[in-house]
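Everything on this sheet refers to the single structure shown next.
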Amino acid sequence: PSPPDGGWGWVVVSGAFISIGFAYAFPKGLAIFYKEIQDFFGTSYNEIAWVSSIMLATTYGAGPISSILVNRYGSRPVVMFGGLLCGIGMVSAAFCTSIIQLYICVGFITGLGLALNLQPSVIIIGKYFLKRRPIANGLAMAGSPVMLCTLAPLNQFLFDNFGWRGSFLILGAILLNCCVAGALFRPIGAATAADKTQATEEGKAALKEVTKDAMEVSGPMNIPTETKTEEEGGKDCCEKINKYLDFSLFKHRGFLIYLIGNVLMFLGFFAPIIFLAPYAKHIGIDEYSAAFLLSILAIVDMIARPTTGIIANSKWVRPRIQYFFSFAIAFNGACHLLCPLASGYTGLIVYSTFFGLAFGMVCAMLFETLMDLVGATRFTSAVGLVTIAECCTILLGPPIGGTLIDTFGDYKYMFIKCGAVMVLAGTFLFIMNYYNYRMLAKEEKERKAKEKDLKSVRTENEARNNWNKETTQNGPELEPLREEQEGLKKEVNGT
């Protein structure tokens, strides 16, 4: 069915606001507990960073699984099951006695639950919206900063009153709200689909009766049907997988450019936000002020995402939205490169403000630019393939930053590494998208020229056919009549 661009779609956006908010904000909000968990288990920055890395990598790496489940069962049951997994993972983490157990409970189980929340929420927005899709995506993506703004002080409050174990129990219960959000994802055109299914079943029953009667009349005629069934049953496994994941996207030039740029970008995308609160505590800022930096970032991010969605939907930006996306990534990297110049709490507030603006711009356009390249039909497969490719750099990004901190004893090298990587990714995407747009214009020009040539050839053929028809009409068959007419003319002239 065609997207309604409103109506129940806005309720779907509110559900996506909750599920996307938890999927993006929860791994960052847990950074509040890392300093205390690190002291409790006696681990290094590198080891504690693996908790968020595994969670984020699982969230992105399980994208194909999520896409296959959405294609098979729809968004609603997948998101509800994901919310249940999130709650189980965090409640189990409250009873962990080693850092390895935290990797499993928080990293894998909760990360898988968040993956089953993220992709279905993004996919169903594309089904409900077309003209207003950038605005809807911007509003849904605003759930991340709102949740982060709420979770940062809430986590600090929970830790002060219940410790990290009690906090994990309460957070597990809070994550069960994703089940409620998933219940709002009503399948589009559900009534029509039910009517079609009923009509199809009736048609199948009638066809089965007719086939049965025909088989009774002619016994041996059922052999080809059985052969056909066996051939259909012997389909290759790769064909079945390709039904849910379109691997032909790897031949798509725009998709490959997007994929390479994003894989490079995520090497430095999440580490700064994970280490922001620990960095503030490291330079002597108290816990609540350090948590408030995340709230500042989230508040600016909250404003930046819908604003970016409105700007990206304008007639000046939308035809060249890939350039805008490239600029946002490079701007994000420039903020990290300038972060070591910030001295004291005031400097960190300024950095958090600009970081929140840049972070919101990137997140608001992250999926819109992908849909702009591949279209809504192939978007489900594209999300799954992109996320599994990105999970490697997401997994390595924070631990590399933690290793730099452990090695040099200073956070500035981590910020410089992340900034340089993101500036490089933004520059790559800008140059390659310029090349892609030029190639698309050239291919469109060649296509129009080919159509023009085909039209001219078709016109010539029609003219030739008409000429042949006229020649045939005036051919040797009419020669006796022509001679008779000439004889009559001579007699008239003689008279």
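The values are calculated or read from the model by the stated rules, or taken from the named source; none is laboratory data. Just so we're clear, the structure is a prediction, and the values are computed from it rather than from any experiment. FYI the Cβ positions are ideal-geometry reconstructions off the backbone, even for glycines, and counts take in every protein chain you see. For the accessible areas, the whole protein counts, side chains as well, though only heavy atoms, and no ligand, DNA or RNA atoms are used. Shrake-Rupley method; radii C 1.70, N 1.55, O 1.52, S 1.80 Å.
With respect to Cys149, is the statement that it is modelled with pLDDT of 85 or more, in contact with a helix residue (DSSP H, G or I) (Cβ under 8 Å, 6 or more places away or on another chain) and outside the structural domain of Arg378 (by the TED database) true?
no
So which of Gly21, Gly15, Gly6 is of a type outside the set (A, V, I, L, M), in the same structural domain as Leu184 (by the TED database), part of a loop (DSSP other than H, G, I, E, B) and in contact (Cβ under 8 Å) with a residue 24 or more places away in the chain?
Gly6
Could you say whether any residue in region 63-79 is in contact (Cβ under 8 Å) with a residue 12 or more places away in the chain and aromatic (Phe, Trp, Tyr)?
No.
Checking Cys86 against (1) within 19 Å of the chain's Cα centre (by Cα); (2) buried (at least 24 other Cβ atoms within 10 Å of the Cβ): exactly one of these is not met. Which one?
(1)
Just wondering, is there one or more residues in region 408-420 that are touching a helix residue (DSSP H, G or I) at 6+ places or on another chain (Cβ under 6 Å), small (Gly, Ala, Ser), open to solvent by less than 50 Å² (accessible area, probe 1.4 Å) and modelled with pLDDT of 85 or more?
Yes: one or more hits.
Go through region 287-333 and count every residue that is within 13 Å of Phe355 (Cβ to Cβ), aliphatic (A, V, I, L, M) and open to solvent by 30 Å² or more (accessible area, probe 1.4 Å).
2
If the Cβ limit is 8 Å and pairs must be 6+ apart or interchain, which residue in region 315-327 that is without any contact (Cβ under 8 Å) to a residue 40 or more places away in the chain pairs with which residue that is of a type in the set (A, V, I, L, M)?
Filtered contacts from region 315-327: Val317/Ile311.
Tell me yes or no: at least one residue of region 428-436 is aliphatic (A, V, I, L, M), under 22 Å from Phe324 (Cβ atoms), touching a residue at least 24 places away in the same chain (Cβ under 8 Å) and out of contact with any strand residue (DSSP E or B) (no Cβ under 8 Å at 6 or more places or on another chain).
Yes, that holds for at least one residue.
Yes or no: Leu118 at pLDDT below 85 and open to solvent by less than 10 Å² (accessible area, probe 1.4 Å)?
Judged against the criteria, Leu118 is a match.
Pick from Ile109, Ile48: which is part of a helix (DSSP H, G or I), over 25 Å from Leu370 (Cβ atoms) and either acidic (Asp, Glu) or open to solvent by 10 Å² or more (accessible area, probe 1.4 Å) (or both)?
Selected residue: Ile109, the only one of Ile109, Ile48 that is part of a helix (DSSP H, G or I), over 25 Å from Leu370 (Cβ atoms) and either acidic (Asp, Glu) or open to solvent by 10 Å² or more (accessible area, probe 1.4 Å) (or both).
Does Phe359 satisfy the condition of being open to solvent by less than 20 Å² (accessible area, probe 1.4 Å) and modelled with pLDDT of 90 or more?
For Phe359, the condition - open to solvent by less than 20 Å² (accessible area, probe 1.4 Å) and modelled with pLDDT of 90 or more - is not met.
Identify, from the list Leu370, Leu429, Leu404, Leu396, the residue that is modelled with pLDDT of 85 or more and open to solvent by 10 Å² or more (accessible area, probe 1.4 Å).
The unique qualifying residue is Leu404.
Leu102 passes all but one of (1) over 21 Å from Leu56 (Cα atoms); (2) buried (at least 18 other Cβ atoms within 10 Å of the Cβ); (3) touching a residue at least 24 places away in the same chain (Cβ under 8 Å); (4) among the hydrophobic types (A, V, I, L, M, F, W, C); which number fails?
Going through (1) over 21 Å from Leu56 (Cα atoms); (2) buried (at least 18 other Cβ atoms within 10 Å of the Cβ); (3) touching a residue at least 24 places away in the same chain (Cβ under 8 Å); (4) among the hydrophobic types (A, V, I, L, M, F, W, C) one by one, Leu102 breaks only (1).
For every residue, the table says whether it meets (1) assigned to a helix (DSSP H, G or I); (2) of a type in the set (S, T, N, Q).
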site	(1), (2)
Pro278	yes, no
Ile296	yes, no
Arg305	yes, no
Lys315	no, no
Pro319	yes, no
Ser326	yes, yes
Phe331	yes, no
Leu338	yes, no
